[in-house]
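Report on the structure given below.
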Amino acid sequence: MSDELKKGLEGVLVAESGLSHIDGDEGRLVYRGYAIEDLARQASYEEVLYLLWHGRLPDADELADFADEMTAEREVDDGVLATVRELAEQDEDPMAALRTAVSMLSGYDPDDSDHEPDDREANLRKGRRITAKIPTLLAAYNRIRNGQEPVDPREDLDHAANFLYMLNGEEPDDVLAETFDMALVLHADHGLNASTFAAMVTSSTLADLHSAVTSAIGTLSGSLHGGANQNVMRMLKEVDDSDKDPVKWVRDALDEGRRVPGFGHRVYNVKDPRAKILGEESEALGEAAGDTKWYEYSVAIEEFMAEEKGIAPNVDFYSASTYYQMGIPVDIYTPIFAMSRAGGWIAHVLEQFEDNRLIRPRARYVGSEREEFVPVDER
Ligand code: COA
């Protein structure tokens, strides 16, 4: 047994996976061998889900059937919606609301009572339900907290367009729907990131899929992980409000010992390929609106961080200005990340159940070896 301590499990191999691979030196990401650039530009989120869950790209009929199966699962039971309403009216944090609602879905899932880890078909059905319902939960939460009634899902819109429709109450134009679909594809899977690993740790105890996804949502919420995307937008807005130039703002933040959200990564030593694609989207949206200031601030910060710290942007950096220009509220950027990554979490849990072993690392004990116990009334 090795006593080498790997803080943060950096570089430690804990599983074999055929789902996604990151080459951190080349800045390359593949899902089951397909380059992220090809998937982002040419595949829909549903297609990517099929690829992750079934191991290969679907043909046209398989994709149509799969999309229909997903669409059929969009509606959420009234009991869960009542809780979403309560959480929204209490102004609960959006990630906490999503975590609670997803956990609650298990009680309404027809396959919930017979949890068998190796019942792959039941787990796929649960996975479809969870993934299909998250947009409905999130859109309802956002509308209720703004004093609006939830909008029912539409069957004629795909996963991405239907979410924007339920969020805004109007059908998105093609540019918005395609940009959002691309963002979902880009966030769908990413090796053993912290939230995926949390899902795997949970499922390694043979806990059920809803428990694994609930663990993962909680893990994604932190500012070192999925929470970074909303912090990027808050930073860009602070820059805008402060009349400072973006470089001065970031220099001050670094001088104060703060981290710059949207930069750095455990695995990439170069720019995250997803940030390149989202940067192009952010620029295109700015140009279409006749105002590229968010993109320009971002580029100035990226150049400064490269010179000053040698650190490149990650996926969260340009997703922020992309979502902002799409009119999406800043505090639901992280739940949107969850909406997409749910597909990856579920794929990893399915993979885990095929060859499971309890995940149970060790800590080096640095506490006292022997203390004499003194009863409480004698202390
Ligand atoms: N801003 C400023 N400095 C940063 C930084 C950032 N965003 N990210 C990393 N660094 C610096 C650290 O200060 C550290 O420098 P040091 O060795 O001089 O102390 C060095 O880079 C390595 O950072 P470390 O925290 O050890 O890397 P990690 O692999 O443990 O953490 C992240 C990775 C992603 C948590 C980290 O880069 C970060 O906090 N980024 C900001 C949050 C974010 O965008 N998260 C989303 C990730 S997709």
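Region 243-321 and region 344-360 have Cα centres lying 34 Å from one another. For region 295-379, the list of GluC sites (Glu not before Pro) that fall in a loop by DSSP and count at most 14 other C-beta atoms within 10 angstrom reads GLU369, GLU371, GLU372.
Using 1/(1 + (r/R0)^6) with R0 = 51 angstrom and r between the beta carbons of ALA72 and ARG28, what's the FRET efficiency to the nearest 0.05? According to the calculation, E is roughly 0.90.
Give me the extension gain from GLU116 to GLU307: residue separation times 0.36 nm, minus the current Cα-Cα distance, reported in nm with one decimal.
63.5 nm
Within the straight-line cut-off of under 27 Å between alpha carbons, the lysines reachable from LYS309 are LYS6, LYS7, LYS237, LYS244, LYS248, LYS271, LYS276, LYS293, sequence neighbours fewer than 8 places apart in one chain being disregarded.
Helix screen, the chain: DSSP H segments with Cα axial length of 27 Å or more and mean Kyte-Doolittle hydropathy at least -1.0 are 120-145, 333-354.
Using only the Cα atoms of region 61-184, build the gyration tensor, take square roots of its eigenvalues as a ≥ b ≥ c, and label the shape rounded, prolate or oblate: rounded if a/c is under 1.5, else prolate if a/b is larger than b/c, else oblate. Judged from the Cα gyration tensor, region 61-184 comes out oblate (a/c at least 1.5, b/c at or above a/b). For the chain, averaging the sequence separation of C-alpha pairs within contact (under 8 Å, six or more residues apart) and dividing by the residue count gives a relative contact order of 22 percent. Of interest is the spacing of the C-alpha centroids, which for region 205-220 and region 1-35 amounts to 21 Å. For the chain, a Gaussian network of Cα nodes joined below 10 Å ranks ASN229, ASN314, ASN269 by mean-square fluctuation, and the top entry is ASN269.
Note on region 79-127 and region 139-153: Cα centroid distance 18 Å, given to the nearest whole angstrom.
We did not get these values from a lab; they are worked out from the coordinates using the rules stated. Just so we're clear, the structure is a prediction, and the values are computed from it rather than from any experiment. Cβ coordinates were reconstructed from backbone atoms using ideal geometry, including for glycine residues, and neighbour counts include every protein chain displayed.
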